[in-house]
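All remarks here apply to the structure that follows.
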Amino acid sequence: MEQFNNLVIETILNRSSVRSYKSDQIDEEALSVILKCGLRAPNGWNHQPWDIVYVQDKTFLDELNLAITSNSNSSVFYHAPTVVFISGDKNDEYYAADCPLAAENMVIAAASLSIGSCIIAYLSNFLNTQAGQVYKEKLGIPEDYEVCVAIAFGYPTTPNRSLTLRDESKIRKY
Ligand SMILES: Cc1cc2nc3c(=O)[nH]c(=O)nc-3n(C[C@H](O)[C@H](O)[C@H](O)COP(=O)(O)O)c2cc1C
């Protein structure tokens with residue numbers, strides 16, 4: 001098994017969702033690499049049917065959080081300093097596959113740079129509702145795009161977290 005040990009495998013096998021972040025903003029160049037890794041994801045016919053917007057405006061994020069939770073003490077994105085929204089063109093055949101693939105590339109790239117992340121369905125779900133429309137518009141997400149994935153990014157407050165379990169019996173040989 002020794003020959004199958006490399007940084008990519010190690011990063012994938014050790015990534016876990018982070019739900020407590022430092023308030024420090026993530027390194028700008030690191031974010032740029034993470035976003036670029038998202039763009040490198042496989043996607044149907046290379047149509048790249050995504051819109052990717054990153055948000056570091058705390059006022060905007062807090063306002064959005066309040067619209068979802070009605071409680072300024074709790075944060076659906078765990079007070080992460082950066083949130084990336086990946087939206088897909090609903091007119092494209094494969095947007096629903098392509099956007100999560102871009103998201104996965106981003107979280108793996110982030111983990112390799114010691115940047116924590118967590119996919120936040122609360123955010124993407126809300127932006128697709130009538131009440132979320134105003135925020136979707138503010139972010140400049142085109143009308144016929146669906147917000148597929150929202151990802152919180154930041155430096156974890158605790159470096160070593162335990163991994164959630166996976167059921168290996170989900171893998172079958174036919
Ligand atoms: C589609 C999707 C939606 C998720 N939404 C949330 C969320 O709203 N809040 C949250 O804390 N975690 C969310 N997660 C993270 C999952 O809970 C997490 O990936 C899962 O429990 C496995 O844990 P791990 O990522 O640490 O391996 C979401 C993950 C996915 C893929």
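Table: residues versus (1) in contact (Cβ under 8 Å) with a residue 40 or more places away in the chain; (2) over 14 Å from the mean Cα position of the chain (by Cα); (3) closer than 19 Å to Ser75 by Cα.
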site: Glu93; (1), (2), (3): yes, yes, no
site: Ala96; (1), (2), (3): yes, yes, no
site: Cys118; (1), (2), (3): yes, no, yes
site: Gln133; (1), (2), (3): no, yes, no
site: Ile141; (1), (2), (3): yes, yes, no
site: Asn160; (1), (2), (3): no, yes, no
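Looking across the stretch 119-134 at every residue that is among the β-branched types (Val, Ile, Thr) and within 13 Å of the ligand (Cβ to nearest atom), the one that is surrounded by the fewest Cβ atoms within 10 Å (Cβ to Cβ) is identified as Ile119.
Within the stretch 1-10, the residues that satisfy the criterion of being assigned to a loop (DSSP other than H, G, I, E, B) and either open to solvent by less than 100 Å² (accessible area, probe 1.4 Å) or of a type outside the set (A, V, I, L, M, F, W, C) (or both) are Asn5, Asn6. Within the stretch 46-65, the only residue that satisfies the criterion of being open to solvent by less than 30 Å² (accessible area, probe 1.4 Å), of a type outside the set (S, T, N, Q) and free of Cβ contacts under 8 Å to residues at least 24 places away in the same chain is Leu61.
Open to solvent by 80 Å² or more (accessible area, probe 1.4 Å), farther than 17 Å from Ile151 by Cα and hydrophobic (A, V, I, L, M, F, W, C): is that true of Leu13 in this structure? Criteria met by Leu13. Regarding the stretch 18-31, can at least one residue be identified that is open to solvent by 80 Å² or more (accessible area, probe 1.4 Å), within 16 Å of Phe85 (Cα to Cα) and without any contact (Cβ under 8 Å) to a residue 60 or more places away in the chain? Looking through the stretch 18-31, none of the residues is open to solvent by 80 Å² or more (accessible area, probe 1.4 Å), within 16 Å of Phe85 (Cα to Cα) and without any contact (Cβ under 8 Å) to a residue 60 or more places away in the chain.
The values are calculated or read from the model by the stated rules, or taken from the named source; none is laboratory data. As the structure is a computational prediction, the values presented were derived from the model and not from experiment. Don't worry about glycine lacking a Cβ; one is built from the backbone with ideal geometry, like all the others, and counts go over all protein chains shown. Accessible surface areas use protein heavy atoms only, side chains included; no ligands, DNA or RNA. Shrake-Rupley method; radii C 1.70, N 1.55, O 1.52, S 1.80 Å.
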